[in-house]
Every structure is written in C-alpha cells, then in structure tokens.
1. Which one is nearest to residue 335 (Cα to Cα) among residues in segment 213-245 that are aromatic (Phe, Trp, Tyr) and at pLDDT 95 or above?
2. Six or more apart or on different chains, Cβ atoms under 6 Å: show the pairs whose first residue is in segment 136-149 and at negative phi and whose second is of a type in the set (Gly, Ala, Ser).
3. Any residue in segment 82-104 that's charged (D, E, K, R): show its pairings with residues that are assigned to a strand (DSSP E or B) and surrounded by fewer than 21 Cβ atoms within 10 Å (Cβ to Cβ) at Cβ separation under 7 Å, as long as the two are six or more apart or on different chains.
4. Looking only at residues in segment 1-26 that are over 16 Å from residue 333 (Cα atoms), of a type outside the set (Gly, Ala, Ser) and open to solvent by 10 Å² or more (accessible area, probe 1.4 Å), which one is modelled with the lowest pLDDT?
5. With the checklist (1) of a type outside the set (Asp, Glu); (2) modelled with pLDDT of 95 or more; (3) under 16 Å from the mean Cα position of the chain (by Cα); (4) more than 30 Å from residue 73 (Cα to Cα) in hand, flag the one item residue 175 doesn't pass.
6. Can you tell me how many residues in segment 305-340 are of a type in the set (A, V, I, L, M) and part of a helix (DSSP H, G or I)?
7. Inside segment 32-41, can you point out the residues that are surrounded by 18 or more Cβ atoms within 10 Å (Cβ to Cβ) and charged (D, E, K, R)?
Amino acid sequence: MKRNIAIIAGGDSSEYEVSLRSAKGILSFMDQTRYNVTIVRLHGHDWCALPDADIEHDDLTSGGIAIDRNDFSYMYQGEKRTFDFAYITIHGTPGENGVLQGYLDLIGLPYSCCGVLAASITFNKYTCNHYLRSFGFRIAESVLIRKDEWASMTKDEAFAQQMAERTGLPCFIKSNVGGSSFGCSKVKTVDAVVPAIERAFEEGDEVICEAYMKGTEVTCGVYKTKEKAVAFPITEVVTKNEFFDYDAKYRGQVDEITPARIPDSVRDKIQADTLRIYDILGCHGIIRVDWIITDGEVNNLLEVNTTPGMTPTSFIPQQVRAAGLEIKEVLADIIEDHFA
C-alpha cells in the first residue's frame, strides 16, 4: 500500500517562491510508484493542499483545498485525506526554525528533517556557529545586532568605524535568520556599514556583521539512516559576482563544480566534519554545510542548512547525481527510515 506523503512548502519569508520551486523539484524526484504525493502550501494562516498541481505549468501560489490544522487533513472528492509523512522544504519560517516541527510533533506526523531543537539552533546562524566553535570548528569573527538594540544605537561614522574595526573590511552584513542571500551585502567601506545593516533588518530582527574569509567556497551534503551514513561529493562554488548572491544562486551567475577541485585530504576532512556536525546537532534527513577553505587546506565553517534547496539544479541533486545515486532512492531512504 502506498504511503501518503505531503511536501510542505511556502512559508513566510523572502524565500517563499524558492521553496515552491523546491517543492516542484521534490515532486518530480519522488517515486510515484511507491508514494501518493501532494504539495501542501503554507503562507501565514493559509494552509492548502494542492492535489491536482501541475508542476510543469502551475506556479503553486494560488488555489488549493484548506488543510484542517487539527490533524493536517483535507477533504478531496468527498473523502478525508490524511498523510503518513511530511517532507518539509520550507526555507525560512516556519519550516526551518522548528515551529512547524513542533506542530507536527504534537499531532504525531513524522517528517523529513531536524527536530525542534536542531532546527531552531541551525536557523540562527550566530548561535549555531558559536555553538559549533565549542567543538573545535573554525568560524569567522562576527558581531550580532538585535533590532531593539539597533533602535537605540547612535548610527554615526564612529559606530560604523568601530564595527569595521571589529570585523575588518571587507565584511559581510546579513540577516541572522534569513537565506538565499536576501538582505546580504559585501561591505567594503565604512560609509556602507549602516545602510547594509538597515537592509539586512528587512529580513528579520537580528543581523550579523561577519569577517570576510578569502578562500574557496565549497558545500557538502550528507544524510544518515539507521543503517548508513552518506556524504555526497563536494561542490565548489565559483561565483561571477562579488559573492554567492541571489543572482548567482538562481540566475546562473556562478560555476558549480562537482566534485570540487580540492585535495583528497581536504575533501575527506570536510565530509567527515559535515557528518560530525550532523551528529552533534542531532540532525535528520539531508543537510548541507557550507565551508570556506583558506590557505588551501584550512576549513572554516560558514553555515549549516537543514532544509537545502531541491530544485533540479540545486546543490543536493547535483551531488546525488555526481555520486552515481538516484535521487528518488535517496528520498525513499529518508522516508522509509522513519518506519524501519
């Protein structure tokens, strides 16, 4: 008997449309002979099942059947439909920060990714990186600014100069709880510091000012089941822009080289460290960890992503193909591990 799978997408952040594209990707990857798959769109209080979604033509932003949040069911063709498993592909709140996971735990519906604690830790970049630093991982020097503090700060040249001295220039200023590089700026001058912070606050209530690490950017995807640990081939990210911004990620202004052009020893350590982070945080499903390799061999943790993008051109599908694996089998591994 086929399991009923909900692909939960959408959310309440700037990554809403990116999430819907990931949902289309997962639906196209999923083994339809094993699973009945339905996309469920969440946006504020609007929760809708899209049982007839045409992923070739529909943008998924309209229509749908209301979800009963008492048990995450919906009525379709005169009968109540429920789910056996949820695959979460929301990038941002509420699916990446633990809020949705808490709801699913309450109603007893198993899901694909990290639980409440791991999701809430990894969603907060500053907290996650400083926590992992206590386990020996190298991270960039950074400063956290909260919106209530920002309101009372004197935003003059002296403040900007002090911030620049703490992180050095250039530096990155970005949302502490955002993704897809929305609100992220590479800041090269003192007079650009305050405008960049203001821009980052448009994405959330916390902002990070982070030192620039010159080196090779790479990303590594991994997952584990009760029977195995899988580290995918590493992708090297060579952007044509100032940094790996939205245009680079989604408009082709980047070269993504899988496997990365790095020494085998560096590759092995990044894969081992990514799997170690998986265990330290208590992750589930697929995660992706981004690194900066400085001086050719020193690995610096950039960030941890517990709901990585899953469009056909995203890093994880690329890495799965490079490993000689079938993405539908990887997804089945993750689903079936919850029922083993």
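The values are calculated or read from the model by the stated rules, or taken from the named source; none is laboratory data. The structure presented is a predicted model; accordingly, all values stated were derived computationally and were not measured. Cβ: placed from backbone, ideal geometry, glycine included. Neighbour counts: every protein chain shown. Please note that ligands, DNA and RNA were not included when accessible areas were found on the heavy atoms of the full protein model with its side chains. Shrake-Rupley method; radii C 1.70, N 1.55, O 1.52, S 1.80 Å.
1. 223
2. The qualifying pairs are 140/211; 141/211.
3. Filtered contacts from segment 82-104: 84/3; 84/4.
4. Checking each candidate, the answer is 1.
5. Among (1) of a type outside the set (Asp, Glu); (2) modelled with pLDDT of 95 or more; (3) under 16 Å from the mean Cα position of the chain (by Cα); (4) more than 30 Å from residue 73 (Cα to Cα), residue 175 violates only (2).
6. Kept after step one, since they are of a type in the set (A, V, I, L, M), are these residues of segment 305-340: 310, 316, 320, 322-323, 325, 327, 330-332, 334-335, 340.
So of that shortlist, the ones also part of a helix (DSSP H, G or I) come out as 316, 320, 322, 327, 330-332, 334-335.
Residues flagged as of a type in the set (A, V, I, L, M) and part of a helix (DSSP H, G or I) within segment 305-340 amount to 9.
7. We begin by selecting, within segment 32-41, every residue surrounded by 18 or more Cβ atoms within 10 Å (Cβ to Cβ); these are 35, 37-41.
The one that is surrounded by 18 or more Cβ atoms within 10 Å (Cβ to Cβ) and charged (D, E, K, R): 41.
Okay, residues lined up against (1) modelled with pLDDT under 95; (2) buried (at least 18 other Cβ atoms within 10 Å of the Cβ); (3) touching a helix residue (DSSP H, G or I) at 6+ places or on another chain (Cβ under 8 Å):
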site	(1), (2), (3)
251	yes, no, no
270	no, yes, no
285	no, yes, yes
295	yes, no, no
317	no, yes, yes
322	no, no, no
